[in-house]
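Encoded as structure tokens, the structure appears first; notes follow it.
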């Protein structure tokens, strides 16, 4: 089984907890992207990143001075978005890190696909970004899918649609992708709260690592932030966790 998750926009260079153990598999392709982006003017880069001037200046300097093989930190500890905060990446034991290194894959517009202990540097480049030469979905094509399914044909999808699209677009009949949704009732309809979904995705990664999950059915007992497995809403290819209306925070 492989687990896929999205990256986070906010990143740090974290050298204090774990030392990188591996190199991103598509580092040559990342260098190709870097070479193109480095040639952009600030205005061109702003069109790609669609960010404010403060973030533009930060990331323009990052790309101009970036070296992919120096001052790297582990991918899992470099992202600091909500999902990663609720994953508690800095609290993993060595046994849990070993499990995640074998099982967890982070999809990235810049690096393609990452193992948790791959050495990376801070960047900003979302998968939906359009470069002058191409868009990133076309750039990566089916590389990420082929790498992900090289050994495993069961994928637990905890990534956003933006990122899982680059995997699901190439799904073959011999590969099973299990989606996960966290829903609650609002005005008589089932809805997904984006913030809580990110929290739950991070917690589910931690749950998988702590319990060394290898069978999808072992996830049925996951219960965080009031979300519990709903067998009636779930299907063979989708796990649905529903928040009880008895929980005041779900209203």
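Every number in this text was worked out from the coordinates using simple rules, so none of it is lab data. As the structure is a prediction and not an experimental result, all values here were calculated from the model. Cβ atoms come from the backbone with ideal geometry, glycine included; neighbour counts cover every protein chain shown.
Regarding the chain, what's the average projected area of the Cα-atom convex hull, expressed in nm²? Write out the running numbers ahead of the final one.
Numbers: hull surface 57.1 nm².
The number I arrive at for the chain is 14.3 nm².
Could you work out how far helix 27-38 tilts from the main Cα principal axis of the chain, as a 0 to 90 degree angle to the nearest 10?
Between helix and principal axis, roughly 60 degrees.
Just to be sure I understand the model, the point goes 7 Å from the Cα along the line to the Cβ. What's the resulting residue 19 to residue 47 distance in nm?
4.5
How would you rank 66, 11, 127, going from fewest to most other Cβ atoms within 10 Å of each one's own Cβ? Provide the component values of the computation, followed by the final result.
On the way: 66 18, 11 21, 127 24.
By the 10 Å Cβ count, ascending: 66, 11, 127.
How do 102-108, 50-56, 79-85 rank on mean C-beta neighbours within 10 Å, highest first?
On the way: 102-108: 22.6, 50-56: 12.3, 79-85: 20.0.
So the peptides 102-108, 50-56, 79-85, ranked by packing, come out 102-108, 79-85, 50-56.
Ranked by Cβ crowding within 10 angstrom, fewest neighbours first, how are 138, 174, 230, 118 ordered? Present the calculation step by step, with values, prior to reporting the outcome.
Details: 138 10, 174 7, 230 15, 118 25.
Listing 138, 174, 230, 118 from fewest to most nearby Cβ atoms yields 174, 138, 230, 118.
What full-extension length gain, to one decimal in nm, is calculated for residue 173 and residue 55 as 0.36 nm per residue of separation minus the Cα-Cα distance? Write out the running numbers ahead of the final one.
Details: separation 118, 0.36 × 118 = 42.48 nm, distance 4.20 nm.
Gain on stretching residue 173 to residue 55: 38.3 nm.
With viscosity set to 1.306 mPa s at 10 °C, what whole-number translational diffusion coefficient in µm²/s follows for the range 7-50 from Stokes-Einstein and a Kirkwood radius over Cα pairs?
On the way: Rh = 13.2 Å.
Reported coefficient: 121 µm²/s.
Compare the peptides 178-187, 196-205 by average per-residue count of other Cβ atoms within 10 angstrom and give them in order, highest first.
Going by the mean number of other Cβ atoms within 10 Å, highest first, we get 196-205, 178-187.
Under a plain spin-label model, where a point goes 7 Å from the Cα along Cα-to-Cβ, how far apart in nm are residue 91 and residue 187?
Output for this residue pair reads 3.7 nm.
If a/c stays under 1.5 just call it rounded; otherwise compare a/b with b/c (prolate if a/b is bigger, oblate if not). Do that for the range 91-175, with a ≥ b ≥ c from the square roots of the Cα gyration tensor eigenvalues.
Values: a/c = 2.31, a/b = 1.26, b/c = 1.83.
It comes out oblate by the Cα gyration axes.
For the chain, what does the helix formula give at 222 nm: sum of -39500 (n - 2.57) over DSSP H segments with n ≥ 4, over the residue count, nearest 500 deg cm²/dmol? Let's see the in-between values first.
Working: 10 runs with 88 residues, N = 251.
Using -39500 (n - 2.57) per qualifying helix, the result is -10000 deg cm²/dmol.
Relative to the first principal axis of the alpha-carbon coordinates of the chain, what is the inclination of helix 53-65, with its axis defined by its Cα atoms, in degrees from 0 to 90 and to the nearest 10?
Orientation of helix 53-65: about 60 degrees from the principal axis.
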